[in-house]
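Let me begin by presenting the structure, written as structure tokens, before commenting on it.
Just so it is clear, none of the values below were taken in a lab; they were calculated from the coordinates. What you see is a predicted model, and the numbers here were worked out from it, not measured in a lab. Cβ atoms come from the backbone with ideal geometry, glycine included; neighbour counts cover every protein chain shown.
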Amino acid sequence: MIEDQLRASFARHEDLVPQAQDLTGKIDAGARRMRRTRATVTSSLAALAVFAAIAVPVLGPRLAGMVNTAKIAAGAKSTTPNHASVTGPLNFLVLGLDRRPTQPTSEPARADTIMIMHLPAGLERGYLFSVPRDLLVEIPGRGKDKINAAYAYGGKDLAKRTVEQLTGLSFDGTAEVRFEGLSRLTDALGGVPMCIDQKVVSIHTKKVFDPQCQRFTGADALDFLRQRYTLPGGTIDRDRHARQFVSALLDEAGNADLMSDPAKLTKVIRATGDAMTLDLDRIGLLDLAWAVRGLRAENLTGDEVPTTSGTYHGSAVEIATPKAAVLFEALRNDNASGWVAGK
């Protein structure tokens, strides 16, 4: 049952990652080895559970364990997988999609959370930069509009082209994260510990989130991540909360002993498929996992693309400041650390 769920979850991504050859065979071999390598595979499955919801590279250390396990089970002479060389810098686009309960199904979703993940050369650190949903940009073929409209107009492909045009970056992959699925993933993990740094009052449920550490249910996470109107910084505060939740979710997934609870493991794997869609453009999934096996969640730094408030045709928008251009240049030159240190 568990092995079937694991293979099915990976199978959903196999067509999107053609470079990772014979993936089904590797998973079958890894599943056979699971019973004899509990510690290694537990870590790998925790990674699988939050793969695209967090962004591909952070999970490499755990997926690398699965790669290594599969090689051993297949009778390899060495415990070091023979993967294609993957070097940095690397860039990934993370799109958070939130379809409200009252939103008509005929109405296209918008990417209300947009993040750029940058991995410098060496692949030992990660940087998450939030792009405000109301940032005024030029959308290819559509003219000027808020950046979150790009996904509604043309899905992830147009969203990616828009962010690439804005930043001058070329993305190595895209992760689409559905908020409803993220809620189910949170519940499947048994909740996620979250330390809140400011009072948040939900305009949807009237729930009050006080500044303290608590364990979020899926409903709590969804409610909390949607809030921006009552926050002093509006969208900027909401984006910061999203980055904080990403780190908390990573820690919880890494600490979960899923192998000791098969029912919980099955729920996590199913919730993963509900939560995300992953598309790696130029890199094999397992090759990437091995390349970033030394990256740790505590080495993830978050920040916001610098903007200022403005209006466009009577609508409130965010406008990129000259500092944003400096940030994008720093990312193109693989100098995110210098930008963060000098901001």
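Is there a pair in LYS156/LYS207; LYS160/LYS343; LYS207/LYS264; LYS146/LYS267; LYS160/LYS323; LYS146/LYS206 whose C-alpha atoms are over 30 Å apart, and which pairs would that be?
LYS156/LYS207; LYS146/LYS267
Take each of the peptides 211-222, 167-178, 86-97, average the number of other beta-carbon atoms within 10 Å over its residues, and list them starting from the highest.
My ranking of the peptides, most packed first, is 86-97, 167-178, 211-222.
Could you tell me whether the range 138-247 comes out rounded, prolate or oblate from its Cα gyration tensor? Rule is a ≥ b ≥ c as square roots of the eigenvalues, rounded for a/c under 1.5, then prolate if a/b exceeds b/c, otherwise oblate.
Note, shape of the range 138-247 comes out prolate.
How would you rank ILE236, ILE114, going from fewest to most other Cβ atoms within 10 Å of each one's own Cβ?
Fewest-to-most ranking of ILE236, ILE114: ILE236, ILE114.
Please report, for the Cα atoms of the range 140-205, the Rg to one decimal and the Dmax as a whole number; what are they, in angstrom?
Rg and Dmax of the range 140-205, Cα atoms, are 16.7, 44 Å.
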